[in-house]
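Single-structure report; data block below.
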Amino acid sequence: MSDSPVTSPDSDLHDVPVPRHVAVIMDGNGRWAREQALPRQEGHRAGMEAVREVIHGAVEAGVEILTLFAFSTENWFRPEEEILSLMALLRLYADQEKDELRDRSIRVRVLGDLTPMAEPVRDAIRRIEDATRDCDRLLVNLMISYSGRAELVRAVRALAERVQRGELELDAIEESDVDAVMDTRGLPDPDLLIRTSGEFRISNFMLWQLAYTELHFTPVLWPDFTREHLFEAVREFQRRERRFGRVPSATS
Ligand code: FPP
C-alpha cells in the first residue's frame, strides 16, 4: 500500500487515524428509482455513479481498502431483466473505468463466486483486474455473486480438504487458518461498515470479517450517497472507542 500523505478539503479528517478498511452495503437503488418514477435499472445506473464518487472520496479520506457489496448470491433470484441489466452495467463499468482507475493508481479486484457469470462479464472483470493489478493508492474489492455464508461454506470445504490430504491437523485449526481460506485472505478486517437506505441489517455480508467492525447506518439512498456522507461516517467512526471485547485502555 502507498503511504504517501493524502490531502483533503476536510483536513480535520486526518487529525485522527481514518479507518484503513471501509466496507459498504450499497442499498436503495430501487427505491431511489421509484421516487424518481424511473425504471429500477436507472437506479442501478445512478448507483454506479455513486460508486465512482465514493471511490474518489475514499482516496481523499486516505482509506486504504474499500469493499463494496455490488451483487449478492441471493440477487441471482431477481427478475432476469434486472440481472441482465446489472451484469451489463458491471461490464460497462469495468471497461469504461479501468484506464482512469489505473491512472489514479486504484486497484480493483472482484471477489465472490464468479462461476454462474456469463463469459463476457468474466472477461471484463479480468480486464479491469489486469489493468489495475499494480496500483497501490486504494484497493477496491467489488463483492459480486457473494454472500457471507456461501464464502464460509467454501472456506469450510477448503479446510476439510487440507485435513483430508493430511496437511492440517483437525485440533490445530486456528482463526488464522480460516482467515487464509476466505475470499478476503491477506486483508485486514473492515474497521467500518456503512449501510445505506435506512435498513439495519448485515444481509449475509462478510459474516466472518465483521466481528469487531464499527457499524454506520444512514437513511440516504445509495444513488444519493456522496463523498461528504462518507466523510461523515469516517468522523463518526473517529469519535468511537474500539475495545475489541477488552476493557477501556484508561482503566486497564
Ligand atoms: C441494492 O439496491 C443494490 C444492488 C442490488 C446492486 C448494487 C449495484 C450498484 C450500486 C451499481 C452497479 C455497481 C457497479 C460497480 C457496476 P436495491 O436494488 O436492493 O434497492 P431497493 O432495496 O431500494 O430495491
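Any read-out appearing in this document is the output of simple, stated calculations on the displayed coordinates, not a laboratory observation. A quick note: this is a predicted structure, and the numbers were derived from the prediction, not measured. Every residue, glycine as well, gets a Cβ built from its backbone with ideal geometry; the counts of neighbours run over all protein chains shown.
The trypsin sites (Lys or Arg not before Pro) of segment 164-252 that meet both conditions, a loop assignment by DSSP and at most 15 other Cβ atoms within 10 Å of the site Cβ, are Arg165, Arg185, Arg201, Arg240, Arg242, Arg243, Arg246. The Cα atoms of segment 94-143 define a convex hull whose projected area, averaged across directions, is 3.2 nm². When only the Cβ of Lys, Arg, Asp and Glu is charged (+1, +1, -1, -1), the dipole of segment 163-226 relative to its Cα centre reaches about 400 debye. If R0 is 22 Å, the Cβ-Cβ spacing of Asp179 and Leu84 corresponds to a FRET efficiency of close to 0.05. A straight line joining the Cα centroids of segment 132-193 and segment 40-92 runs 22 Å.
Relative contact order, whole percent, for the chain stands at 28, derived from Cα pairs under 8 Å and 6 or more residues apart. Using the Cα coordinates of the chain, the gyration tensor eigenvalues translate into equivalent-ellipsoid semi-axes of 27, 26, 19 Å, sorted from longest to shortest. Excluding Thr213 itself, calculate the net charge of residues whose Cβ lies under 12 Å from the Cβ of Thr213, where each Lys or Arg counts +1 and each Asp or Glu counts -1. With Lys, Arg at +1 and Asp, Glu at -1, the net is +1. Checking every one of the GluC sites (Glu not before Pro) in segment 157-252 against DSSP loop status and a limit of 14 other Cβ atoms within 10 Å picks out Glu167, Glu169, Glu174, Glu199, Glu241. Computed from point charges on the beta carbon alone (+1 for Lys and Arg, -1 for Asp and Glu), the dipole magnitude for segment 144-252 about its Cα centre is near 260 Debye. Rounded to the nearest 0.05, what FRET efficiency do Leu92 and His14 give with R0 = 25 Å and r taken as the Cβ-Cβ distance? Could you check? Between Leu92 and His14 the formula returns 0.15. Computed over segment 73-176, relative contact order equals 31 percent, with contacts defined as Cα pairs under 8 Å that lie 6+ residues apart. Considering only Asn29, Gly57, Leu111, the residue lying farthest towards the positive end of the dipole of segment 1-138 is Leu111, judged by Cα position with unit charges set on Cβ.
Computed from the C-beta positions of Ile202 and Asp99, the FRET efficiency with R₀ = 22 Å rounds to 0.05.
Placing unit charges on the Cβ atoms only, positive for Lys and Arg and negative for Asp and Glu, gives the chain a dipole magnitude near 280 debye about its Cα centre.
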